[in-house]
Amino acid sequence: MTFTLTYIIAYSVFAVVIVIFCLCAWKDVFMLFRRPTRGMGTGFSRIWAVARTTVAEAWAGRVWLLPALWLAAVLILMLVVVPYDKSERIPLYLRVLITGQEWLLLVMMWVLACISFPRERERKILVTNASKPLSRLELFLGKVVGFSVTAALLLVIMGLMSYAIITYADFRNRRAAAEEYVLAESDYQQALEKRRQESMASSALKLQGGTAQKTDIIVPSESLKKLSEEGSLFAYNYITVPKKTGFSIVGMMDFASNPPTRYLKGGSQEKVIYHFATNLTAPPEAIFGPPGSRPFFFFFFPVQLGPHPPSTAQVNVIVRRTKAPLHQQEKSLTLDSRLVAQWEPDRPDEIFSPMANGKVLEDLGPVDITLSCPTPGVYLNILDGKPSGQPNVCLVPIRTSANAIWPDPEPQMLGFERRDQQQVAGPDPKEGGAWPEMAVYRFKGPDLNPAKLPLDSKGDFTVAMALDIDKQDNRELDTQCYVRAYNEFKPNEIVERKFDVIEKRVNSLKLPSTLLGNETDPSKRGDVVILVMCATPGHWISLNEQAIRIELPQSSFLLNLFKSEAVIFLEITLLVLIGVTCSIRLGWPVAMLMTGLCYMLGNFAEVVADWQSAAKVFANPQGNSGILNMDNLQKGALDFLGLLVAIMPDFTRMEPLKYLVDLRDMPWSYLGYEAALVALFSLPFIALGYMLIRKQELG
Amino acid sequence: MTTEIPAIQTRNLTKIYPGFWNTQSVTALQNLNLTVRRGEIFGLLGPNGSGKTTTIKLLLGLINPTSGEADLLGQPAGDQITRRSIGYLPEETYLYRFLNARQTLDFYGRLFNMNRAQRVRAIDFYLDFVGLDPAVRKRRIGTYSKGQARRVGLAQALLNDPDLVILDEPTSGLDPLGTEEMKNLIIELKRAGKTVLLSSHQLADVEDVCDRICILYRGKLEVEGSIDELLEVREVFTVEGRHVPDELQARMVAMLKEAGVTDVVPGVQRGRLADLFKKLVLEKRASEKSGAA
């Protein structure tokens, strides 16, 4: 069963459940909106009545102790875990506070939601309640709303406590940073004075033929100063580049051509990734045919630069199925005199999906080709593959056919990867006048509306740069960053800036608004390209696609904190809904087990997808042996598991910390997406819950 | 001419509790045809397991009938709108233990969509009406005695000023004084034009307050009728009169004996409901035993 088919089945199940609900529950839904007489409430007021009692029930169950327990636990954790770097303290504290809230509340609400109905059933309180003009739907929704409100109350309490803790922690952190900076500044002044005296002494010693010692000078950290001045209680807003197409690391950029072209540096860690979004298909007879007749990849690099003769350039190729990343084939190729290389993979059946009569017989999923050049001094021209031109690579399925399969345009170029970041190296003194490596950020023109970007009095907009540095040599020097920016429609009007990198803080850079194009029509604005280079020899700058961003006005930290709390609230609401649904007909232990299982499955989406891919890789494709039967059984079980996972809400998407710990403002669209996701998964569970309680005998 | 809609009407109402895989199923109620007229106090009697509570639950829509129908106030049983006009006191007090009396009644008032002023008024009135000690009204129900909890239960059943009141064992847990008050209250309800369906084992109480009764045995309706009809002893002739001189009484007794009348007992002759109930149950049990033998 394919991934898409699994989801089609899952959503069909949702649709069927909702349709049945609409058919069965229309009367009860109608009663929700009906007012018995003028001035009296609707069904929603009855839901609220049940919800209030549910809140009272939770309160009577000492749920109010939870914030106190949480506070004690997080305070102990915060006292024990103290990061050395002051700039990481607030994000770490936020992580502890929010994760603590999330887990404590999830567990507490899970238990409460699963216990409430069975207990009322057991104590026959439901008998009294159901004898009142309260529909089963209202009773069910009242329970869900009640526990959600309880969770919301606790979140508000804990959120305000978190804010107080963080505000105090930030105050202390700033004060400590200021004190440390003053000390470092005084040490620095003393060291300078000492160095001056030493240099005077050394010149005297030199005259006598001796040598003098040198005192190390440590420059006080600018990031410390900035931290003491600004603190950490804010929420950044900014525009970033599109994840894959907007960010690349290139060996060199040729501005002489229009548009400027990118080059991959030979002998470096740089690589270029060509993504084939669709299946790489070929006829079965070609795939399983003899070597020499199978499908092959064709590589073409029409332009090369560098001191070496072009034909000596080598390329290392890795073909990898994206759904089964462990499953890959590698080959080292040498470009011939036509700057061309061909490669026929040894195991084509693991890469190519067989296709006959226009139908894909086995779906192996998308494929990535990663290419690097081990030949030092060579620069390979990377073609963007837009409609105007052709990319560097294609697949030829049959030798007699000219129907080549092309990858997606604009292949992604990456460099040396370290801790989820890419690195650009400063100039290497050994390479003489070699071009420096650079990170390219391409901001989409339509996103950059000059009317919405905050401009200063000079008409400049701000680019925020969160850069890390790594010093191999010249450790005493500050790392200098060199930035070039231009609009794609005016590649020759380049703006250049140079500044010292302040590590682990956001560096702000002013760029003129003329770069934005100043057009009202978004399509005429043109992309803004920002190139980032390391100008200090022996240093590296680490960055990722989020590192360079165009700043918008900052948002309130408190509001951002409560957006994260809202994500926790949505997650808990969904869990409560599942818990209450499970507990309608089940005893509380089984209901808890079922709810826990649903939550686990909801966290397993990616794992099960990996298992399914792995099962495909290791499945016996030919056979009619006993192994095949086992494979089919395994595959069937995995398909069923995949279906279960698809039916469950994907809890991994609920990430309350996603923006908060980066001190970034959570976009309302993200919160809206989460709310929509919860609504989408709530509907079938409400329908299911109603169906279970509708005819339940409460006596 | 219009026909008055009965307060309760059941037609072949049957309830079978299924066992595991439809084995060991239990017939709790079998083809019950019952009519309770508006404004009367109707007693629902029967030994344990006869189907009284099942009948009440079916009438309230708490459980689903296996077959047959039931109407309350002219609407199908379980109708949400009709439940606005029904008050129900369960056999035990099933209330939230963590709420106090006022909070409990406030909750039920909200379920009846009563506004704040109506709720406050009704809560004060009915807590006084059922005689709940004001000192305990703000204590959690979990701390109440059985009698106190029963009074709150009764208050919640009357909170909406119902047209039909269903009382399942209303005097259970009440002291003799409370029982007396409850009986007076039921009579009060009748005077106010309410219909009362009363299920009780306290036959003396039922006899005192009910207009009509029915007796169920093993889910079947055995007897239905007015108290007077059912308790009349036809073979016994009674003459009642005030200030009958002893001499005249003696002469009348002598005349009756002369005429060959046997078992002449001077004084008022009346059967007891308890006797009738016991007789019926014992006869049934005896016939079941002989059938089994």
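Here, each number is a calculation from the coordinates, and none is a lab measurement. As the structure is a computational prediction, the values presented were derived from the model and not from experiment. Note: ideal-geometry Cβ built from the backbone for every residue, glycine included; neighbour counts use all protein chains shown.
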> What FRET efficiency would be calculated for the residue pair B:Val26, B:Lys146, taking the C-beta separation as r and a Förster radius of 35 Å, to the nearest 0.05?
Replying inline: 0.75
> In this model, which of A:Lys27/A:Lys695; A:Lys226/A:Lys471; A:Lys27/B:Lys57; A:Lys243/A:Lys323; A:Lys458/A:Lys490; A:Lys243/A:Lys498 are farther than 24 Å apart at the alpha-carbon?
Replying inline: A:Lys243/A:Lys498
>> How tilted is helix A:588-602 with respect to the longest principal axis of chain A? Cα atoms for both, answer in degrees (0 to 90, nearest 10).
In response: 30
> For A:Glu198 and A:Glu496 in the same chain, what is the full-extension length gain: residue separation times 0.36 nm, less their Cα-Cα distance, in nm?
Replying inline: 103.4 nm
>> If a paramagnetic tag sat 7 Å from the Cα of B:Met252 along the Cα-Cβ line, which residues of the stretch B:202-234 would have the backbone N under 18 Å from that point?
In response: B:233-234
> Label 7 Å along Cα→Cβ of B:Arg97; the stretch B:139-169 residues with amide nitrogen under 20 Å?
Replying inline: B:139-154
>> 7 Å from Cα along Cα→Cβ at both B:Glu232 and A:Ala256: what's the point-to-point distance in nm?
In response: 12.6
> Which percentage, to the nearest 5, of the DSSP beta bridges contained in the stretch B:8-231 is antiparallel?
Replying inline: 55
> In straight Cα distance, which aspartates and glutamates are under 12 Å from A:Lys265, not counting same-chain residues fewer than 8 positions off?
Replying inline: A:Glu437
>> Need one value for B:84-97: mean number of C-beta atoms belonging to other chains within 10 Å of its residues' C-beta atoms.
In response: 4
> In whole percent, what relative contact order does the stretch A:506-608 give with Cα contacts below 8 Å and a gap of six or more residues?
Replying inline: 11
> Is any residue of the stretch B:232-255 close enough, with backbone N under 11 Å, to a label point placed 7 angstrom from the Cα of B:Lys279 along the Cα-Cβ axis, and if so, which?
Replying inline: B:232-236
> Measuring from label point to label point, each 7 Å out along Cα→Cβ, what is the A:Glu697 to A:Arg35 span in nm?
Replying inline: 4.0
> Of the listed peptides B:234-240, A:132-138, A:690-696, A:153-159, what is their order by residue-averaged count of other C-beta atoms within 10 Å, with the highest listed first?
Replying inline: A:132-138, A:153-159, A:690-696, B:234-240
>> Need the list of aspartates and glutamates near A:Lys143 for cross-linking: C-alpha distance under 15 angstrom, and skip anything on the same chain fewer than eight residues off.
In response: A:Glu57, A:Glu120
> Using a simple spin-label model with points 7 Å from Cα along the Cα→Cβ vector, what separation in nm is obtained for A:Lys510 and A:Ala15?
Replying inline: 5.7
>> Let's test the formula: R0 of 35 Å, r as the Cβ-Cβ distance of A:Lys331 and A:Asp473. What FRET efficiency results, to the nearest 0.05?
In response: 0.50
> Which angle from 0 to 90°, rounded to the nearest 10, does the C-alpha axis of helix A:43-60 make with the longest principal axis of chain A?
Replying inline: 80
>> Let me check I've understood the local charge: for A:Asp447, count other residues with C-beta under 12 angstrom from its C-beta, Lys and Arg +1, Asp and Glu -1. What total comes out?
In response: +4
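Length gain on complete extension for the stretch B:Asp208 to B:Arg38, per 0.36 nm per residue less the alpha carbon to alpha carbon distance?
Separation in residues times 0.36 nm, less the Cα-Cα distance, equals 59.3 nm.
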> lysines near B:Lys289 by alpha-carbon distance under 21 Å, same-chain residues fewer than 8 away left out - which ones?
Replying inline: B:Lys220, B:Lys278, B:Lys279
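Taking beta carbons within 10 Å but only from partner chains, what does the mean come to for residues A:463-474?
0
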>> Please compute the contact order of chain A in relative form: average sequence separation of alpha-carbon pairs under 8 Å and at least six residues apart, divided by the residue count, as a percent.
In response: 18
> Where does helix A:668-694 land angle-wise versus the long Cα axis of chain A, in degrees 0 to 90, nearest 10?
Replying inline: 30
> Counting other C-beta atoms within 10 Å, which of B:His201, B:His243 has the fewest, and how do the rest follow?
Replying inline: B:His243, B:His201
> Any idea what the relative contact order of chain B is, in percent, if you count C-alpha pairs under 8 Å spaced at least 6 apart?
Replying inline: 22
>> Among B:Arg137, B:Arg191, B:Arg242, which one shows the highest mean-square fluctuation when chain B is modelled as a Gaussian network with alpha-carbon springs under 10 Å?
In response: B:Arg242
>> For chain B, set up a GNM with springs between Cα atoms under 10 Å and report which of B:Thr23, B:Thr262, B:Thr55 has the largest fluctuation.
In response: B:Thr262
> Taking R0 as 22 Å, what's the FRET efficiency between A:Phe234 and A:Tyr168 from their Cβ-Cβ distance, rounded to 0.05?
Replying inline: 0.85
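Over the whole of A:253-264, what's the average partner chain Cβ count within 10 Å per residue? Rounded to a whole number, please.
0
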